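Q: Sharing a structure here in structure tokens format.
Please treat every number below as a calculation from the coordinates, not as lab data. Just so we're clear, the structure is a prediction, and the values are computed from it rather than from any experiment. In this analysis, Cβ positions are derived from the backbone assuming ideal geometry, glycine residues included, and neighbour counts consider all displayed protein chains.
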Amino acid sequence: MNSTLKISLLSTALAILALPVVAQNSSTSTPVTGQTIKERKENQQDRIANGVKSGELTAGETANLEKKEATVNQEERDMRKLDNGKLTTADKKTLTQQQNKLSNQIYKDKHNAAVQNTNPKSEVGKRAENQQDRIAQGIKNGQLTPGETAHLEKKEAGINKEVRNDRAANGGKLTKQERAQVNRQQNKTSRQIYRDKHNARHQ
């Protein structure tokens, strides 16, 4: 077999072996091509909702992602206002690039070491898990906009931080007064979740 044929066969074999790697990378952190801007947004929101539900995304990570999603959505609205409700080819390219960056961030946040406890033992932990489940459902079914979700998750992240600090100061436990304080804060957040899910705004 001559050397040119050997090189050609070797190149073909390497290309075939590389296909699963390319396919795997495209399914994890990069978007599916051919999706519309609307489909991309829905896909990103589903991935975030799944991350909240599974505990792969913390409240802080979710707040940051949703804040970025809300910014992209606002930019899209502004672009449409300038062009009679339509997006130009340049607009679509810009939005796609921004969604690509956000997609990569979702992937990184879901696969880093930071996680939300999805099987808490304490009453406080179970309450926090319940709130996260309600937020995840609101994202999934479109009842919560990215802006509303970012606001709610920022509140959840603040409560979580306070609980961690209180536990660190008391040998890993919460005092009766601290539990009551956290419960009041969760009650406020719970009411806000309900209001946000039942107002006229939708994703």
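Q: Under the 0.36 nm per residue contour assumption, what length would be gained going from the current alpha-carbon distance of Gln137 and His111 to full extension?
A: On the way: separation 26, 0.36 × 26 = 9.36 nm, distance 2.12 nm.
Gain in length upon complete extension: 7.2 nm.
Q: Here's a follow-up. Answer rounded, prolate or oblate for the range 104-155, using the Cα gyration tensor with square roots of eigenvalues a ≥ b ≥ c: rounded when a/c is under 1.5, else prolate when a/b is larger than b/c, else oblate. Intermediate values should be presented prior to the final figure.
A: Numbers: a/c = 2.06, a/b = 1.13, b/c = 1.82.
It is oblate, given that a/c is not under 1.5 and a/b is not larger than b/c.
Q: Could you list Asp78, Asp166 in order of exposure, starting from the residue whose Cβ has the fewest other Cβ atoms within 10 Å?
A: Working: Asp78 10, Asp166 19.
By the 10 Å Cβ count, ascending, the order reads Asp78, Asp166.
Q: Counting other C-beta atoms within 10 Å, which of Ser103, Ser122 has the fewest, and how do the rest follow? The partial results should precede the final answer.
A: Values: Ser103 20, Ser122 14.
In order of increasing Cβ crowding within 10 Å: Ser122, Ser103.
Q: Going down the list Lys110/Lys197; Lys68/Lys110; Lys86/Lys197; Lys53/Lys121; Lys176/Lys197, which pairs span over 21 Å between their C-alpha atoms? Could the numbers behind the result be given before it?
A: On the way: Lys110/Lys197 25 Å; Lys68/Lys110 16 Å; Lys86/Lys197 28 Å; Lys53/Lys121 17 Å; Lys176/Lys197 31 Å.
Violating the 21 Å Cα-Cα cut-off are Lys110/Lys197; Lys86/Lys197; Lys176/Lys197.
Q: With r defined as the distance between the Cβ atoms of Asn187 and Thr118 and R0 fixed at 22 Å, what FRET efficiency is calculated, to the nearest 0.05?
A: 0.50
Q: Is the range 35-197 rounded, prolate or oblate when judged by the Cα gyration tensor, a ≥ b ≥ c being the square roots of its eigenvalues, rounded requiring a/c under 1.5 and prolate requiring a/b larger than b/c? Don't skip to the answer; put the middle values down first.
A: Details: a/c = 2.81, a/b = 2.18, b/c = 1.29.
In terms of gyration-tensor shape, prolate.
Q: Another question, then. Set the Förster radius R0 to 22 Å, insert the Cβ-Cβ distance between Gln74 and Glu42 as r into 1/(1 + (r/R0)^6), and round the FRET efficiency to 0.05.
A: On the way: r = 17 Å, r/R0 = 0.78.
Efficiency, rounded to the nearest 0.05: 0.80.
Q: Kindly put His198, His151 in sequence by how many other C-beta atoms sit within 10 Å of each C-beta, fewest to most. Provide the component values of the computation, followed by the final result.
A: Details: His198 9, His151 19.
Neighbour counts put them in this order, fewest first: His198, His151.
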